[in-house]
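This report concerns only the one structure given below.
Read-outs: derived from the displayed coordinates by stated rules, not from any lab. Small disclaimer: the values here were computed from a predicted structure and weren't measured. For neighbour counting, all protein chains shown are included, and Cβ atoms are generated from backbone atoms with ideal geometry for every residue, glycine included.
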Amino acid sequence: MTCYRYASTNFVSQKPLPHPPTRARRDAPSCLPTGTVTLLFSDIEGSTRLLRHLGSAAYARVLGVQRRLLRAAFQRWGGQEVDAAGDGCFAVFQEATAAVKAAAAAQRALAAYAWPEGGQVRVRMGLHTGTPGLFAEGYVGLDVHRAARICGAAQGGEVLLSKTTQALVAHTLPAEMRLREVGPSWLKDLDHPEHLYAVQGFGSRCEGYRGLLSMVV
């Protein structure tokens, strides 16, 4: 990543983080893109169970590997890390197609990694494209909250897109990648149901499964 922005106030998660750890920080919001951007949130499904199973030391190593794999995939496709807190990550992309390709690449890397026995890491990801405001504390706006809530609606190993992002990438993804409509979903604190789409065909053994009745678009 070319720019890092660590600030607990701009990381929106459905899981409370009562005492976020101290993190390295650079006061350089100007290097983050403005205007229309695609926001990507991720977190580990079942992270508390994983911590209990592995213990603190092993979990810390697993968490470090997960972050390195995510950062490598995001950087390859031009993403910039905005924040990292707990087991979650927040990244931004100037192009929606690049964001989806980065998410798919990250899921492939996570699925291929030789995790310790009983320590399989399943990461859920949510993407939304919008025009959040960029302030000293990072990105602010409903678009940020919407992307975070979409992440919370995903299953481990799954990449979910908002309708806005789906419309931008529907005809630009590789032929092997498909978008499966999962229907309207009510997301926490949002006034209207969101039409969500799951990315399929990116080769991960952990691809989320949404049932045979979902419609491929």
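Note down the magnitude of the dipole of the stretch 27-216 about its Cα centre, charges +1 on Lys and Arg C-beta and -1 on Asp and Glu C-beta and zero elsewhere, to the nearest 20 debye.
The calculation lands at about 580 debye.
Give me the number: length gained by fully extending K188 to K163, i.e. 0.36 nm times residue separation minus the C-alpha to C-alpha distance, one decimal in nm.
Working: separation 25, 0.36 × 25 = 9.00 nm, distance 1.69 nm.
Length gained between K188 and K163: 7.3 nm.
What list do you get for W77, W186, W115 if you sort them by fewest beta carbons within 10 Å?
Going from least to most buried by this count: W186, W115, W77.
So what are the ³J(HN,Hα) numbers for the stretch 58-67, from phi and the Karplus equation (6.51, -1.76, 1.60; θ = phi - 60°), rounded to whole Hz, Gly and Pro as x?
So the Karplus estimates, Gly and Pro as x, are 5, 5, 4, 5, 4, 4, x, 5, 4, 5 Hz.
Under 12 Å from a point 7 Å along the Cα-to-Cβ line of H195: which residues of the stretch 143-162 have their amide N that close?
Under 12 Å, as judged by backbone N against the label point of H195, lie 162 of the stretch 143-162.
Give the order of K188, K101 when sorted by the count of other beta carbons within 10 angstrom, beginning with the fewest.
So the residues, fewest neighbours to most, are K188, K101.
What list do you get for Y113, Y59, Y139 if you sort them by fewest beta carbons within 10 Å? Provide the component values of the computation, followed by the final result.
Numbers: Y113 14, Y59 20, Y139 27.
Fewest-to-most Cβ neighbours within 10 Å comes out as Y113, Y59, Y139.
Between T48 and A60, what is the spin-label point distance in nm, taking each point 7 Å from the Cα along the Cα→C-beta axis?
2.2 nm
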